[in-house]
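Asker: Quick one: the structure is below, questions incoming.
Throughout, read-outs are computed from the coordinates displayed, never taken from laboratory work. Please read all numbers here as calculations on a predicted model, not as lab measurements. Neighbour counts are summed over all protein chains in view; Cβ atoms, including those assigned to glycine, are modelled from backbone coordinates with ideal geometry.
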Amino acid sequence: MGLMDRIRGEFIDIIEWTDDGRDTIVWRFPRYGNEIKMGARLVVRESQVAVFVNEGRLADVYQPGTYTLSTQNMPVLSTLKGWKHGFESPFKAEVYFVTTRQFTDFKWGTQNPVILRDAEFGMVRVRAFGTFAAQVVDAAALLRELVGTDPQFRTEEVGEHLRQLIVSKLGSALGASGVPLLDLAARQDGIGQQLAKALTLELSATGIAIPRFYIENISVPPEVEAAIDTRSRMAITGNLDDYAKLQAADAIPLAAANPGTGGDALGLGVGMALGQRIVQSTSGAGAAAVPPQPVPAPAAPAPSDVPPPLPAAPRWFIAVGGQQQGPYDESALAGQVTAGNLTRTTLVWRSGQAAWQPADQVPELASLLADVPPPLPPQG
């Protein structure tokens with residue numbers, strides 16, 4: 001290699017950047033001490049701009065295209081340098097490539113709930129999350145305000161700043177929208193557009209715009225969700241009478257799962273009420289004017305040699321140490337007497353009693369307590 005070839009190799013002939021990642025916003029062309037030769041070729045691809053910085057000052061900005069660097073194509077840099085040694089002299093300048101495409105992989109969410117004032121529910125705490133896109137619209141402003149001399153400026157360096165700004169604007173945007181809590185889901189797109197405009201205006205000094213802002217979900221605390229569910233159920237039933245019927249219908253499975261605790265009586269009453277409703281609904285509109293006919297008494301059953309089933313034994317509950325225990329049948333109560341848990345003063349209860357009573361005041365338990373001595377008299 002001759003001397004002239006070696007000298008030419010010290011100068012940069014082609015300046016370009018091929019982005020091999022998806023998260024780089026700004027990339028500085030590495031000079032490694034070499035100088036840019038006058039007449040070198042600059043290649044700026046679509047979704048890029050190139051910014052020349054000379055001695056710390058922003059010079060020329062190039063849009064997508066291919067340029068031959070000369071004094072005609074570098075008006076600002078030519079003015080700054082003066083080219084005292086001729087127009088063909090090499091020069092040193094930092095070249096920054098700035099990506100202008102949209103970065104769509106930003107996510108946001110409210111770490112703490114935002115308090116809103118709603119006309120129906122009063123003060124409500126809401127949380128929200130979603131995604132947004134960011135785009136550089138002023139490369140020079142971005143270099144001045146955020147990048148500085150960073151050789152590779154990535155999305156992670158600005159993402160947290162954008163998320164904090166979004167959360168700070170979210171509460172005011174939701175409050176200013178005047179949308180009731182129950183209508184927020186239907187108005188998410190409109191609110192997102194309002195936030196995108198507000199954030200773009202806030203970030204205009206940094207050269208960043210928010211072209212797209214999406215609210216994926218707005219959630220409320222569980223107690224507010226329960227209130228909304230209750231109100232929906234009442235709206236579906238229409239009035240209190242229908243709501244009571246709905247409550248009775250919900251109680252049928254519970255009564256069936258708890259036999260012996262009043263469930264049979266409840267099921268009988270609900271069944272009779274539902275039967276009357278079915279008869280009224282199927283009798284037609286003309287039957288409403290016909291007075292109800294008395295229901296004939298059921299015929300007496302024919303005599304039979306098979307005895308009826310034995311009556312169900314009463315089921316007793318006792319209070320031991322302030323805790324309810326049971327239910328017990330009479331044979332199990334005898335075991336409680338032997339164990340000392342059932343005495344004359346022990347409170348007992350069974351279905352049909354108005355309140356708890358001491359065992360020695362219940363005639364049915366007299367035989368079980370015959371051998372149990374009464375309490376000792378007070379000792380002097």
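Asker: Tell me the net charge near Lys169. Cut-off is 13 Å between Cβ atoms, Lys169 excluded, with +1 for each Lys or Arg and -1 for each Asp or Glu.
Answerer: Net charge around Lys169: +1.
Asker: Extending each Cα 7 Å along its Cβ direction at Asp20 and Ser172, get the distance between those two points in nm, one decimal.
Answerer: 4.4 nm
Asker: Using a simple spin-label model with points 7 Å from Cα along the Cα→Cβ vector, what separation in nm is obtained for Ser47 and Asp229?
Answerer: 4.5 nm
Asker: Using a basic spin-label model with each label point 7 Å from the Cα along Cα→Cβ, how many nm lie between Leu182 and Glu160?
Answerer: Once both label points are built, they end up 4.2 nm from each other.
Asker: If you don't mind, another one. Gap in Å between the Cα centre of region 321-341 and the Cα centre of region 96-145?
Answerer: Cα centres, region 96-145 to region 321-341: 66 Å.
Asker: Enter the per residue convex hull volume of region 332-373, computed from alpha-carbon coordinates, in Å³ rounded to the nearest integer.
Answerer: Dividing the Cα hull volume of region 332-373 by its residues yields 68 Å³.
Asker: Still on this structure: How do 63-69, 50-56 rank on mean C-beta neighbours within 10 Å, highest first?
Answerer: Top of the packing list down: 50-56, 63-69.
Asker: While we're looking at this one, here's another question. What length, rounded to one decimal in nm, is gained on full extension from Gln72 through to Ala334, with 0.36 nm per residue of separation minus their alpha-carbon distance?
Answerer: Numbers: separation 262, 0.36 × 262 = 94.32 nm, distance 11.32 nm.
Full-extension gain reported as 83.0 nm.
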